[in-house]
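Report on the structure given below.
The values are calculated or read from the model by the stated rules, or taken from the named source; none is laboratory data. Small disclaimer: the values here were computed from a predicted structure and weren't measured. Heads up, the Cβs are rebuilt from the backbone with ideal geometry, glycines too, and the neighbour counts pull from every protein chain shown. We work out accessible area using only protein heavy atoms, side chains counted, and drop any ligands, DNA or RNA first. Shrake-Rupley method; radii C 1.70, N 1.55, O 1.52, S 1.80 Å.
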Amino acid sequence: MKCKKFEITLISARNLEVRETQKPNVYAKFSIAGHPNTEKKTKVDKKGGANPAWDFTTACIIGKQAVEHDGVMLLIELYRSRTFGDQYIGEVRVSFKELFNRQRTLWGRLTTLFSCPKGDGVGKTVKYPVNNGGSDSSGVLKFSYRFRKEVIVDQPSGGGSALGLAASGAKWVGLIITVATGIDIPFSWEGV
């Protein structure tokens, strides 16, 4: 089955709304919205306070259908690490389709100029507002990402919700996520 390799680097956040006198220790959780079993965390930034920096890079394999439907959302939630329970700060939700289209629009024009293989550009850095449920949120999350070339993933017989996947000779432990449209999409974080 055809899949895309998606690489993301969570760079930093600015002006997060954190109402405490001590510097907050902030971390982020990545997941596919609605699928907590796809979650991955960054390290905790202990120095930046309301302006944390992570420079955290990770990659996943996701079914090609994710970039064809608006319903498959990347969710990045920000939390303040605390001894007696972590505090939710806010989140960014963006569809894989929107990210793919933004990259394709930029690099589709420039691939011949820079001889980048199709779908394998240097990536795109973006900023999204952090939504915390309030109308006056001023926080901004900055990250870079890129979609790599398509990879063919062999699905072993047996199916099920958790399955072993092999992509380009590498072993992947993956999940099948079902989105609101009823489409099953394979997913796996790299190196899991």
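You can think of it this way: the chain between E68 and S144 has 25.3 nm of extra reach, that is 0.36 nm per residue less the Cα-Cα gap. A DSSP coil position with no more than 15 other Cβ atoms inside 10 Å describes the following GluC sites (Glu not before Pro) in the range 6-69: E17, E20, E68. Ordering K43, K4 by accessible surface, largest first, gives K43, K4; the 1.4 Å probe counts only protein heavy atoms, with every chain in place. Taking amide H as placed 1.01 Å from N in the peptide plane, the amide H of T38 sits under 5 Å from that of I32, each at least 5 places away or on another chain. Each label point was placed 7 Å from the Cα along the Cα-to-Cβ direction; for R19 and K43 their separation is 3.2 nm.
With all protein chains in place and ligands, DNA and RNA left out, the 1.4 Å accessible area ranks D45, D55, D86 as D55, D86, D45, largest first.
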